[in-house]
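One structure is given below, encoded as structure tokens.
The values are calculated or read from the model by the stated rules, or taken from the named source; none is laboratory data. Keep in mind the model is a prediction, meaning the values are calculated, not measured. Using ideal geometry, Cβ is built from the backbone for each residue, glycine included, and neighbour counts are taken over all protein chains shown. All accessible areas refer to the heavy atoms of the entire protein, side chains included, with ligands and DNA or RNA removed. Shrake-Rupley method; radii C 1.70, N 1.55, O 1.52, S 1.80 Å.
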Amino acid sequence: MVKNRYIVLLDSQNEKSIRNVEKGFSVSVTSSEYLSKDNRSFNIIDNNNAVLYKNLGVVVVDDVDEEQLTRSIADSKSPVIYFEKEREFFPADEFTFIDDLKTNVDQLKNKILELENYIRRKPIPKPAVTDLEWGLKAIGMGETQFSGKGIDVCILDTGFDVSHPDFVDRIIEGKSFIEGEEWDKDPNGHGTHCAGIACGNVRNDTGKRYGIAKDSNLKIGKVLSNNGKGTTSSIIDAIDWAITKKFRIISLSLASPVKLNEKPSVLFETVGIRALDSNCLIIAAAGNDSKRPALPVPVSAPANSLSIMAVAAIDNQMRVARFSNAGINAATGGNVNVCAPGVDVLSSYPKKSGNSGNYVLLSGTSMATPHVSGLAALYMEQFPDLNTREIWELLEGKAKPIENLKYRDIGKGLIQVIQ
């Protein structure tokens, strides 16, 4: 009898349903409305205690018999309608591949370190502003008067370096969903880079612009640890928090690979719908598992859910990024919705050994995703009466097709500012 952590979806969360869950699985259920900075879900969930995320109708339980869960779905009196085993998620950037090689292929250690150092220290182009800002120019940022003012953009990632000089005057709200690690530090750097793309402004050293929604309200949820790993439960916890706080945009630059013809998770599909019903748009990275042109692979979870916007990556030559996943599971879900700049993207980064300043160039659908999140904030400011479903339609409707590129690879096309 194998026991693990499970994410359980309920069709009802009234008092009778919760009592049914407590009795059926011998646990005490705590609602997320009682969570706080001193009472975190990771301190509560154990063999005897579960947490209900009230905005999502999702319960996280430990040490439960999978056969018992299966029987519950078949029981008409049980509120359980779906469950899945906890899975791991990773940042959707090029360094994830490098870290896997370091762990699993000892004989390639020296080559991997050489490649990692090259990517981290890759010189930032200096001659022309257009080279530095190719992504912003590609989506038409020079043509907009909007800045995301008043829009809450929530970046769920590895945290954020609040000491970064470009953000020291910003009021930033955050919360950690990783035990023992704080949201306002980012030893990994991935979250700071993504937040800079979505919500940054200009470099404090050169004055060159790299961010999109510069006047938005930046919100941070740490769902990936300092070593770049996270789980379903930490992500669900953070999404529930973001909806409770009424944040309009949730940006997920993280991914978990799926197999060919694998159907999307009912869990994340339901979470995405419930977020949209709460006027919150979830935008996620398509993932970086492809080896183009020979081997494109399916869009990763949770971006493969129809209720979550999936973002692919292109380079500055308007080509699909070699790593960007494709909508090849479209018949069962898992299509790409739009694409955005995702190769050699400049953004904020913690100053630490391995990089020479407060900025680096990174590549990945992780970098494409916050471009869409930042632009969504501009749209929300520009069209305040539109709900999130209408903003989604607008993002797709205004996207620009790219000649010779397929729908499966870039969806409706490259996102665009509305003049």
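Within the stretch 1-12, which residues are part of a loop (DSSP other than H, G, I, E, B) and not hydrophobic (A, V, I, L, M, F, W, C)?
11, 12
Residue under question is residue 166, and the condition is that it be buried (at least 20 other Cβ atoms within 10 Å of the Cβ), charged (D, E, K, R) and touching a helix residue (DSSP H, G or I) at 6+ places or on another chain (Cβ under 9 Å); does it hold?
It is true that residue 166 is buried (at least 20 other Cβ atoms within 10 Å of the Cβ), charged (D, E, K, R) and touching a helix residue (DSSP H, G or I) at 6+ places or on another chain (Cβ under 9 Å).
Name the residue that is farthest from residue 5 (Cα to Cα), counting only residues in the stretch 38-61 that are touching a strand residue (DSSP E or B) at 6+ places or on another chain (Cβ under 7 Å) and open to solvent by 30 Å² or more (accessible area, probe 1.4 Å).
That would be 54.
Using the structure shown, decide if residue 214 is surrounded by 24 or more Cβ atoms within 10 Å (Cβ to Cβ) and of a type in the set (D, E, K, R).
Here the answer is no, as residue 214 does not meet what is asked.
Among the residues of the stretch 237-289 satisfying the criterion of being over 14 Å from the mean Cα position of the chain (by Cα) and among the aromatic types (Phe, Trp, Tyr), which is surrounded by the most Cβ atoms within 10 Å (Cβ to Cβ)?
247
Considering every residue within the stretch 336-343, establish whether at least one is closer than 30 Å to residue 205 by Cα and open to solvent by 10 Å² or more (accessible area, probe 1.4 Å).
Scanning the stretch 336-343 turns up at least one residue that is closer than 30 Å to residue 205 by Cα and open to solvent by 10 Å² or more (accessible area, probe 1.4 Å).
Need pairs with beta-carbon distance below 9 Å; first residue more than 17 Å from residue 257 (Cβ to Cβ) and within the stretch 293-307, second of a type in the set (A, V, I, L, M, F, W, C) and open to solvent by less than 10 Å² (accessible area, probe 1.4 Å); sequence gap 6+ or separate chains.
So the pair list comes out as 307/268; 307/271; 307/275; 307/282.
Give the residue, chosen from 215, 186, that is in contact (Cβ under 8 Å) with a residue 12 or more places away in the chain, touching a helix residue (DSSP H, G or I) at 6+ places or on another chain (Cβ under 8 Å) and not hydrophobic (A, V, I, L, M, F, W, C).
Exactly one residue qualifies, and that residue is 186.
For residue 189, state whether it is on the phi > 0 side of the Ramachandran plot and open to solvent by less than 10 Å² (accessible area, probe 1.4 Å).
Yes; evaluated as a whole, the condition is true for this residue.
If a residue has to be closer than 23 Å to residue 379 by Cα, in a loop (DSSP other than H, G, I, E, B) and out of contact with any Leu (no Cβ under 7 Å at 6 or more places or on another chain) to count, how many in the stretch 196-226 make the cut?
Count: 6.
All but one of (1) part of a loop (DSSP other than H, G, I, E, B); (2) within 21 Å of residue 313 (Cβ to Cβ); (3) not acidic (Asp, Glu) hold for residue 162, so report the exception by its number.
The failed condition is (2).
Would you point out which residue out of 328, 402, 391 is hydrophobic (A, V, I, L, M, F, W, C) and open to solvent by 40 Å² or more (accessible area, probe 1.4 Å)?
Only one candidate passes the filter, namely 328.
May I ask you to list the residues in the stretch 217-262 that are in contact with a Gly (Cβ under 6 Å, 6 or more places away or on another chain) and over 16 Å from residue 192 (Cβ atoms)?
Across the stretch 217-262, the qualifying residues are 238, 255.
Search the stretch 258-291 for residues being touching a residue at least 60 places away in the same chain (Cβ under 8 Å) and acidic (Asp, Glu), and hand back the single one that is farthest from residue 246 (Cα to Cα).
For the stretch 258-291, the residue satisfying everything is 262.
Just give me the residues in the stretch 385-419 being charged (D, E, K, R) and either without any contact (Cβ under 8 Å) to a residue 40 or more places away in the chain or more than 16 Å from residue 340 (Cβ to Cβ) (or both), in sequence order.
385, 389, 390, 393, 398, 400, 403, 406, 408 - these are the residues of the stretch 385-419 that are charged (D, E, K, R) and either without any contact (Cβ under 8 Å) to a residue 40 or more places away in the chain or more than 16 Å from residue 340 (Cβ to Cβ) (or both).
Please go through the stretch 13-41 and pick out each residue that is over 28 Å from residue 175 (Cα atoms) and outside any helix (DSSP H, G or I).
26
Condition first: in contact (Cβ under 8 Å) with a residue 60 or more places away in the chain and either in a helix (DSSP H, G or I) or farther than 23 Å from residue 33 by Cβ (or both). Now tell me which residues in the stretch 43-63 satisfy that.
Selection gives 43, 63.
Select from the stretch 351-382 the residues that are at pLDDT 95 or above and among the β-branched types (Val, Ile, Thr) and list them in ascending order.
Across the stretch 351-382, the qualifying residues are 365, 369, 372.
Please enumerate the residues belonging to the stretch 385-419 that are assigned to a helix (DSSP H, G or I) and of a type in the set (A, V, I, L, M).
Residues satisfying the conditions are 391, 394, 395, 410.
Quick one: count up the residues across the stretch 175-195 that are within 23 Å of residue 365 (Cβ to Cβ) and not in a loop (DSSP other than H, G, I, E, B).
Total meeting the criteria: 6.
Among what's in the stretch 134-151 and is at pLDDT 95 or above and open to solvent by 30 Å² or more (accessible area, probe 1.4 Å), pick the residue that is nearest to residue 417 (Cα to Cα).
146
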